[in-house]
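*Asks:* Could you have a look at this structure, given as structure tokens, before my questions?
The values are calculated or read from the model by the stated rules, or taken from the named source; none is laboratory data. Only a predicted model underlies this, so the values are computations on that prediction, with no experimental measurement involved. FYI the Cβ positions are ideal-geometry reconstructions off the backbone, even for glycines, and counts take in every protein chain you see. The protein model used for the area step is the full one, side chains on, heavy atoms only, and it has no ligands, DNA or RNA in it. Shrake-Rupley method; radii C 1.70, N 1.55, O 1.52, S 1.80 Å.
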Amino acid sequence: MADVTSLKQRFVERFGGNASDISVFQAPGRVNLIGEHTDYNGGAVFPAALTFGTTLLIAPRQDGRLSFASTNFPYSLEISADDIAYADEHDWANYPKGIVWELARQGVGLSQGYSFLYHGEIPNGSGLSSSASIEVVTAYALLTLEGQPTDKIAIARWSQHAENEYIGVKCGIMDQFAVANGRKDHAILLDCDTLDYTLVPFRSGDYKIVISNTNKRRGLVDSKYNERRSECDRAVADLKGAVPDLALLGQLTPAQFESHQRLIENDTVRRRARHVIEEIDRVKQSMAVLGQDDLAAFGKLMNASHDSLRDLYEVTGKELDAMVDAARRVPGVLGARMTGAGFGGCTVSLVHRDSVERFKADVGREYEAKTGLRADFYVCDIGDGVREIKGGA
Ligand code: GLA
């Protein structure tokens, strides 16, 4: 991640004080390998933390105020610690403010003021969870400095709640959970209903995880996302005729879904529900094939996931589809799919290490020819979740 020594210098230039008073925390971004649009349906997801994300430098201040600055954006904000209501004009600073607000709700008031300097390495709007990364690193840092327990499951829940209620984006828990609980070289199998999770070693052998950024601004993503959520709620309401205590689509087995799906009146809503049920099943199948190190079979499940997100859930769009089509044509690619909410953002592909250079060249060229947009590529390793960086390294 970032060069902490030079960030400390910037912090001192910005806020004064001594470098020795600064604490440093980092939280990663995330990529979801499979299990998309299942989290808010109480289904399974399989994300992994990245080795890049958000670095936070933070130091206490004597005047009780909160001062937020970033190396990424010119906008900065200084407020009194009890003036934390959401304000549009506070721009990105609403994310850390939302965490201060949430901690207060949880009974963790701040005993002093703080200066915050954020340094983000996740491209904005790329769907790699830059906002969850800011939320989780802020919660972890403030709890640490206030001498409170840093329970990472609570941090994930609280960060999601801040995003839902303070920012107003009705996301599920996957992003915050992965950013908080990630582990180097492991993906996280998470049951979003119970929050039971297993860290699964991700042994990709000769294959690399390649993230391709469509660089398509994700314009209507929040309203489309919320529309999908309400379509899932409608499916549950229709299915209650046969399964009265059904609360979330993810509680249905594929067999139950098949026998009752006709109760869902609207065709579109029925297709949305089918995606959710089959996608949760694909996560299950993924665990079976990965347990046998059968990456080729996992790649096929990734492809099937994208196709379902394209045809049934309709959250891909021409940029993501063009990127995935181009990726699948490169020899040495086992599978390619969109990752995250969709409507733009990134794809994830499993690419043989000898094919990575060709992948970037071919996919970049073909994608630009089709869309007029330039792609960016990140060859990823899987990193750790949120943590404190001691000793300035
Ligand atoms: C976004 C949301 C997540 C999840 C994904 C889709 O990343 O923040 O909660 O719903 O979309 O799987």
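*Asks:* Keeping to region 232-260, report how many residues are crowded, with 18+ Cβ neighbours inside 10 Å and in contact with a Ser or Thr (Cβ under 9 Å, 6 or more places away or on another chain).
*Replies:* Count: 2.
*Asks:* Let me ask something else. I'd like the full set of residues that are free of Cβ contacts under 8 Å to residues at least 40 places away in the same chain and of a type in the set (Ser, Thr, Tyr), limited to region 304-351.
*Replies:* 308, 316
*Asks:* Moving on to the next point. State the number of residues belonging to region 329-361 that are over 23 Å from the mean Cα position of the chain (by Cα) and among the β-branched types (Val, Ile, Thr).
*Replies:* Of the residues in that region, 3 qualify.
*Asks:* While we're on this one: Within region 148-160, take every residue that is away from the ligand (no atom under 14 Å from the Cβ) and open to solvent by 40 Å² or more (accessible area, probe 1.4 Å) and give me the one that is farthest from the chain's Cα centre (by Cα).
*Replies:* To start, the set of residues in region 148-160 that are away from the ligand (no atom under 14 Å from the Cβ) comprises 148-155, 158.
Okay, now just the ones that are also open to solvent by 40 Å² or more (accessible area, probe 1.4 Å), so 148-153, 158.
Details: 148: 25, 149: 24, 150: 20, 151: 19, 152: 15, 153: 15, 158: 15 Å.
If we take residues in region 148-160 being away from the ligand (no atom under 14 Å from the Cβ) and open to solvent by 40 Å² or more (accessible area, probe 1.4 Å), then 148 is farthest from the chain's Cα centre (by Cα).
*Asks:* What's the number of the only condition in (1) among the polar types (S, T, N, Q); (2) farther than 30 Å from residue 232 by Cα; (3) part of a strand (DSSP E or B) that residue 355 fails to meet?
*Replies:* Failed condition: (3).
Yes or no, residue by residue, for (1) within 16 Å of the ligand (Cβ to nearest atom); (2) assigned to a strand (DSSP E or B); (3) touching a strand residue (DSSP E or B) at 6+ places or on another chain (Cβ under 8 Å):
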{"residue": "336", "(1), (2), (3)": "no, yes, yes"}
{"residue": "348", "(1), (2), (3)": "yes, yes, yes"}
{"residue": "362", "(1), (2), (3)": "no, no, no"}
{"residue": "366", "(1), (2), (3)": "no, no, no"}
{"residue": "388", "(1), (2), (3)": "no, yes, yes"}
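*Asks:* Can you name every residue in region 24-51 that is more than 16 Å from the ligand (Cβ to nearest atom) and buried (at least 21 other Cβ atoms within 10 Å of the Cβ)?
*Replies:* Listed by number, the residues that qualify are 24, 25, 26.
*Asks:* Scan region 266-281 and give yes if some residue there is away from the ligand (no atom under 16 Å from the Cβ), open to solvent by 60 Å² or more (accessible area, probe 1.4 Å) and among the hydroxyl-bearing types (Ser, Thr, Tyr), otherwise no.
*Replies:* No, every residue in region 266-281 fails to be away from the ligand (no atom under 16 Å from the Cβ), open to solvent by 60 Å² or more (accessible area, probe 1.4 Å) and among the hydroxyl-bearing types (Ser, Thr, Tyr).
*Asks:* Does residue 330 satisfy the condition of being part of a loop (DSSP other than H, G, I, E, B) and over 29 Å from residue 231 (Cα atoms)?
*Replies:* So residue 330 fits the description; yes.
*Asks:* Residue 207: modelled with pLDDT of 95 or more and within 16 Å of residue 44 (Cβ to Cβ), yes or no? Write out each step before concluding.
*Replies:* Numbers: modelled with pLDDT of 95 or more: yes; within 16 Å of residue 44 (Cβ to Cβ): no.
Here the answer is no, as residue 207 does not meet what is asked.
*Asks:* So in region 368-377, with the set limited to residues that are assigned to a helix (DSSP H, G or I) and free of Cβ contacts under 8 Å to residues at least 12 places away in the same chain, which one is nearest to residue 172 (Cα to Cα)?
*Replies:* 368
*Asks:* Another question, then. Just checking, which of 357, 388 is touching a helix residue (DSSP H, G or I) at 6+ places or on another chain (Cβ under 8 Å), of a type in the set (D, E, K, R) and open to solvent by 30 Å² or more (accessible area, probe 1.4 Å)?
*Replies:* 388
*Asks:* Right, next: If you scan region 282-318, which residues turn out to be closer than 15 Å to residue 189 by Cβ, in contact with a helix residue (DSSP H, G or I) (Cβ under 7 Å, 6 or more places away or on another chain) and open to solvent by 30 Å² or more (accessible area, probe 1.4 Å)?
*Replies:* Within region 282-318, just 285 meets the criteria.
*Asks:* Right, another one. Which residue, of 195, 117, is outside any strand (DSSP E or B) and out of contact with any Gly (no Cβ under 8 Å at 6 or more places or on another chain)?
*Replies:* When all the criteria are applied, what remains is 195.
*Asks:* For region 60-80, give me each residue that is among the small types (Gly, Ala, Ser), closer than 30 Å to residue 128 by Cα and open to solvent by 10 Å² or more (accessible area, probe 1.4 Å).
*Replies:* The answer is 70, 76.
*Asks:* If you don't mind, another one. Consider region 161-190. How many of its residues are within 14 Å of the ligand (Cβ to nearest atom), crowded, with 18+ Cβ neighbours inside 10 Å and either in a strand (DSSP E or B) or not acidic (Asp, Glu) (or both)?
*Replies:* Of the residues in region 161-190, 13 are within 14 Å of the ligand (Cβ to nearest atom), crowded, with 18+ Cβ neighbours inside 10 Å and either in a strand (DSSP E or B) or not acidic (Asp, Glu) (or both).
*Asks:* Could you go through region 13-23 and let me know if any residue there is within 30 Å of residue 161 (Cα to Cα) and either within 16 Å of the ligand (Cβ to nearest atom) or in a strand (DSSP E or B) (or both).
*Replies:* Checking region 13-23: at least one residue is within 30 Å of residue 161 (Cα to Cα) and either within 16 Å of the ligand (Cβ to nearest atom) or in a strand (DSSP E or B) (or both).
*Asks:* Mind listing whichever residues of region 122-137 are more than 19 Å from residue 22 (Cβ to Cβ), open to solvent by 10 Å² or more (accessible area, probe 1.4 Å) and not small (Gly, Ala, Ser)?
*Replies:* If the condition is that a residue be more than 19 Å from residue 22 (Cβ to Cβ), open to solvent by 10 Å² or more (accessible area, probe 1.4 Å) and not small (Gly, Ala, Ser), then 122, 123, 124 are the ones that fit.
*Asks:* Looking for whichever is at pLDDT below 95 and touching a Cys at 6+ places or on another chain (Cβ under 9 Å) here; the options are 126, 212, 223. Which one fits?
*Replies:* Result of the check over 126, 212, 223: 126.
*Asks:* Moving on. Any residue in region 23-37 that is not assigned by TED's automatic domain parsing to the domain that holds residue 130 sitting within a Cβ distance under 9 Å of a residue that is within 15 Å of the ligand (Cβ to nearest atom) and open to solvent by 10 Å² or more (accessible area, probe 1.4 Å)? List the pairs, counting only those 6 or more apart or interchain.
*Replies:* Final answer for the pair search is none.
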